[in-house]
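Encoded as structure tokens, the structure appears first; notes follow it.
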Amino acid sequence: MPQAAIEVENLVKRYAGPGGGVLAVDGVNLRVAQGELFGLLGPNGAGKSTTIGVCTTRVRPTSGRIRVGGVDVAAEPPRARAGMGVVTQFRALDRGATAWENLYFHCRYFGWPAAASRRRADELLAQFQLADRRDATPEAFSGGMAQRLQIARAVAHRPRVLFLDEPTAGLDPQSRMAVWDLVRGLRAEGMTVLLTTHYIEEAERLCDQVAIVDHGKILVCDTPARLKQSTGAGAVARVSVEQASAELEARLRALPGVTEVEPTAEGYRLLAHAREGLAPAVAAAAQGFGLRDFSVHEPSLETIFIHLTGRELRE
Amino acid sequence: MSTTETLAAPPQAPAAPARPSYARAFWGLMLRDARLLRRDLFSFVVRTIMNPLFFVFIFTDIMPKIGQNFSGVGAANFATILVPGLVAIAILFQGIMAVAMPLSIELSGTHEIEDRLMAPLPIAWTAFEKIFFSVFQSILAALVVFPMVYFIPATPVHVQVASWWLLAVVIVLSSFTAGALGLTIGTLVKPQQIGMIFAVVVTPIIFLGCVYYPWALLRRVKWLQIATLANPLVYVSEGLRAALTPAVPHMPAWAFLAALVLSAAGFSWWGIAGFRRRVIN
Ligand SMILES: Nc1ncnc2c1ncn2[C@@H]1O[C@H](COP(=O)(O)OP(=O)(O)OP(=O)(O)O)[C@@H](O)[C@H]1O
Ligand SMILES: [Mg+2]
């Protein structure tokens, strides 16, 4: 087996605190291959940031073995840090420094000489479309610009592995796309990326591999395409009705091709083998039950999450 | 964005070393702090000179003119007593102004320090850099304040440097103590508590710091003389007193040197441990 860029074995993290503390990560195993774009998808408090924190030497694991770029992060934190770039969940740019200085000094921290650091800062500003903001301090930046600068800074010393904690949280759709493009670009040149997200779309469209996490555990881990097939369903229908009733539920269950019916807050969620014919069948079955609205779509990672946990990703 | 190609451009820069150079990373942190200090030099100077400026102006220039004079000690007038005292405050307070306050805010609020925490050097070195850089700031503050307390007073000031070595050692040790104390406070205190800290820590440190009177004279209030030994500013003031105004009664050199070494080492240890606790979970 070739050496993985990130290897996490049996990671457990319990934060100290009253009542035995908080078990934030409960036995996580991960292998991220070189050049892979790996996503951790999970709801708030799932343990995503903690997992990244351990990988980036900022959280001490309670137990487990973690190697990033072949370096044991607990044994040699400085050497591990030398090979990784990190964008944390905080928008944490150096505010007293200009955009250019944020990049320049970052290179200096990593031992780069002055001339090379200057060139690199210029080059990154141009590539991340921040050249016109060269001498501005990040306080005046929009969320999208600040995030681009953060990513530029994280990759400035040319790390092999990049960690992005919620890289698009709080960004407008356009900035989100821009960040996705940047991340795809980095991946295309061979960077290994581990990102966390609670946006289903981000995990589906951006990542090669997705691990769905909840309560500190990885529930499943696979490519988005295979994860979506894993329920066996070819289609999902959401049915919203005035009033739930056992009779309606039975009728829906009896529809041809329907494999599962789960009650939801507004009605029911159906899993079916195929999309074909599902919509008219549901409409007909719900006749007389106060059908408010219904939609049929392809299964998404959210379907898997609900399937596995019985909850929606965003509550 | 069409960044894919350009980002993949062959690196002109060296590949990441197998073992990072801690010294270079440390130097990088110093360079960053120096750049920000240079940008902020004006506010650095203003916050450093305001207190001693008004103090010497009122107490050694105006008060004598309006017939409200402090008597001084023996042959030394009050202006002479103040010289080491006000320089001592300038040194010690750089630790709080330049280390504790910004650090407290960075750790709890802005997280600006994140990037420096990811630098390839041990966290203890990153913490120590804070102390080390503030040593230079304290020395700079002493250099800025000295001419003011020397030239402004209307009454003549008698400064006599018996040993430049002693002066240099006292200033450097005091500056270390200041930085280390600043690091300790910065890691212990939340930004919302800074006002409180000024009231309950800074004020007693100043007034009980042998700034306005030599320690020896406190013998008439024995309990206070002993209690002030817990105040690091006492040793800074007394050390400077011995180095700058040896004619004024002062502690023996062994006493303030030992105390300064102990407080610099103790607060460094405490501050670095606190820093580590704050940034690593
Ligand atoms: N420093 C800490 N001390 C104590 N508990 C913590 C600490 N950091 C996180 N936790 C707890 O650990 C659990 C996992 O938190 P974590 O931040 O890893 O989740 P997350 O998946 O990143 O969530 P989010 O989407 O909200 O960022 C949560 O219950 C959280 O309250
Ligand atoms: Mg998080």
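The numbers here are math on the coordinates, done by the rules we state, and not lab data. On a predicted model such as this, the values are computed, not experimentally measured, just so you know. Positions of Cβ are backbone-derived with ideal geometry, glycine not excepted, and every protein chain shown enters the neighbour counts.
Tabulated values for the structure
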item	result
Angle in degrees between helix B:123-151 and the longest Cα principal axis of chain B, rounded to the nearest 10	40 degrees
Nearest 10 degrees, 0 to 90: helix A:114-127 Cα axis against chain A principal axis	30 degrees
Ordering of A:222-233, B:87-98 by packing [mean C-beta count within 10 Å, highest first]	B:87-98, A:222-233
Percent RCO, i.e. relative contact order, over chain A, from Cα pairs under 8 Å lying at least 6 residues apart	19 percent
Gaussian network model of chain B, Cα within-10 Å springs - most flexible of B:Thr155, B:Thr187, B:Thr245	B:Thr155
Ranked list, fewest to most other Cβ atoms within 10 Å of each Cβ, for A:His307, B:His250, A:His106, A:His215	A:His215, A:His307, B:His250, A:His106
Relative contact order [Cα under 8 Å, 6+ residues apart], the range A:232-298, whole percent	49 percent
Nearest-ten-degree value, helix B:164-188 long axis tilted from longest Cα axis of chain B	60 degrees
Ranking of A:Ser300, A:Ser117 by count of other Cβ atoms within 10 Å, fewest first	A:Ser300, A:Ser117
C-alpha center-to-center spacing [the range A:1-67, the range B:43-64] in angstrom	55 Å
Sequence of A:Asp208, B:Asp33 once ranked by neighbouring C-beta atoms within 10 Å, starting from the fewest	A:Asp208, B:Asp33
Normalised contact order of the range A:86-200, rounded percent, pairs of Cα under 8 Å and 6 or more residues apart	31 percent
Cα→Cβ-extended label distance, 7 Å offset, between A:Glu201 and A:Gln243, nm	3.7 nm
Packing-based order for A:30-38, A:275-283, A:154-162, using average beta carbon neighbours within 10 Å, highest first	A:154-162, A:30-38, A:275-283
